[in-house]
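Asks: Have a look at the structure that comes next, please.
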Amino acid sequence: MVIDQASRAQDACHRCGGFMVPVEIREANTMGWRCVMCGEHVDPLILEHRRKMKEARELDRLRPRAAAATAPLN
Ligand SMILES: [Zn+2]
């Protein structure tokens, strides 16, 4: 079941480490999670966006190193 898989991936709040409970997002007809400690809210769209931003940051981090590796030696 998709929800089982997703809730395993999001079992702790990224902000405070609190317990995340599944919540139904009626507007998007999907499931999200809410932190019982701080109220942080995530849904599949937010997670997808966060994942893309993380990938972009990692690419930015790798780019200068790759450029340096191919730079001609003096
Ligand atoms: Zn939290």
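Each reported figure results from applying straightforward, stated rules to the coordinates on display, with no laboratory input. In this text the structure is predicted, and so the values were computed from the model without any measurement. Virtual Cβ from ideal backbone geometry, glycine too; neighbours counted across all protein chains shown.
Asks: Report Rg (one decimal) and Dmax (nearest whole number) for the range 7-67, counting Cα atoms only, units Å.
Replies: 14.7, 47
Asks: Please list 45-51, 17-23, 31-37, 55-61 highest first by mean number of surrounding beta-carbon atoms within 10 Å per residue.
Replies: 31-37, 17-23, 45-51, 55-61
Asks: Hey, another quick one. Net charge around A28, counting only other residues with Cβ within less than 13 Å of its Cβ (Lys, Arg = +1; Asp, Glu = -1)?
Replies: Working: positive: R26; negative: E24, E27, D43, E48.
With Lys, Arg at +1 and Asp, Glu at -1, the net is -3.
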